[in-house]
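Colleague: A single structure is presented below for examination.
The values are calculated or read from the model by the stated rules, or taken from the named source; none is laboratory data. Given the structure is predicted, the values throughout are model-derived calculations rather than measurements. Ideal geometry is used to build each Cβ from the backbone, glycine not excepted, and the neighbour counts take in all protein chains shown.
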Amino acid sequence: MIELHARDIGEVAVLGAHCDDIAIGIGGTLLTLTGRATQPLRVRAFVLSGEDSRREIEERHALAALCPGADVELTVLDVPDGRAPAYWDAIKTALESFRHTCEPDVVFAPQRGDAHQDHRLLAELVPTVFRDHLVLGYEILKWEADTPHPVLYHPLTRKVAEEKVRILLKHYPSQLDHDWFDEQAFLGLSRLRGVQCRRPHAEAFVVEKATVHF
């Protein structure tokens, strides 16, 4: 397994279609980044749907728990769930405005192969706005059989993986009626990704594009 070590991550942009996508996809990574930061990590978050709703409140509480001590700013739009393709122009404009508020060292967003139309549209638009950034596509566990073949892994300790799940279950009560939204499912996926990179647990990513300097 080839290892690459990122250093001096001061700011990240995290984007999701719904209020819980970010926590599901990179909750453990956020816990790790904020835990290792020598200065407060700047987290700039962008979500397509849920503005002024219970979901936005859940998202704010979850991000605060996942990013203790970080400087977190959250933008939530009011795009109807499941209807993102019909709002392409408004989403692109909002993304461009969001881009001007941050200068991230790495961008996290859904991956292009996601079967959900909202996730997929966001995945397609993000690289058109963050053109000179490392964009990592995260996976979102759900009913669809669309889990990707990841090429990049971020190892998690069991403690971090379990803390991520605790935060998910505590701060997203609106999602608890989904039969896939439980501890066993989330830990099962992170354990599988951990096996694939020879670690206890991991979160996995699809790389949009990258340049390597030797």
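Colleague: Can you tell me which residue is surrounded by the most Cβ atoms within 10 Å (Cβ to Cβ) among those in the range 164-214 that are β-branched (Val, Ile, Thr), under 18 Å from the mean Cα position of the chain (by Cα) and outside any helix (DSSP H, G or I)?
Modeller: Val206
Colleague: Name the single residue that is surrounded by the most Cβ atoms within 10 Å (Cβ to Cβ) among those in the range 150-163 being modelled with pLDDT of 95 or more and in a loop (DSSP other than H, G, I, E, B).
Modeller: Across the range 150-163, the extreme among qualifying residues is Pro150.
Colleague: Across the range 30-46, what is the total count of residues that are under 16 Å from the mean Cα position of the chain (by Cα) and closer than 13 Å to Asp71 by Cα?
Modeller: Number of matching residues: 8.
Colleague: Here are some conditions: (1) without any contact (Cβ under 8 Å) to a residue 12 or more places away in the chain; (2) in contact with a Pro (Cβ under 9 Å, 6 or more places away or on another chain). Arg36 meets all but one. Which one does it not meet?
Modeller: (2)
Colleague: Hey, Leu48 hits all of (1) buried (at least 20 other Cβ atoms within 10 Å of the Cβ); (2) farther than 21 Å from Leu125 by Cβ; (3) not small (Gly, Ala, Ser) but one; which does it fall short on?
Modeller: Of the numbered conditions (1) buried (at least 20 other Cβ atoms within 10 Å of the Cβ); (2) farther than 21 Å from Leu125 by Cβ; (3) not small (Gly, Ala, Ser), the odd one out for Leu48 is (2).
Colleague: So is Glu124 part of a helix (DSSP H, G or I) and farther than 26 Å from Arg60 by Cβ or not?
Modeller: It is true that Glu124 is part of a helix (DSSP H, G or I) and farther than 26 Å from Arg60 by Cβ.
Colleague: Look at Leu30 and say whether it is surrounded by 24 or more Cβ atoms within 10 Å (Cβ to Cβ) and touching a Leu at 6+ places or on another chain (Cβ under 8 Å). Please lay out each step first, then the result.
Modeller: Working: surrounded by 24 or more Cβ atoms within 10 Å (Cβ to Cβ): yes; touching a Leu at 6+ places or on another chain (Cβ under 8 Å): yes.
Yes, satisfied.
Colleague: Evaluate the range 79-90: report whether one residue or more is in contact with a His (Cβ under 7 Å, 6 or more places away or on another chain), within 18 Å of Tyr172 (Cα to Cα) and surrounded by 14 or more Cβ atoms within 10 Å (Cβ to Cβ).
Modeller: yes
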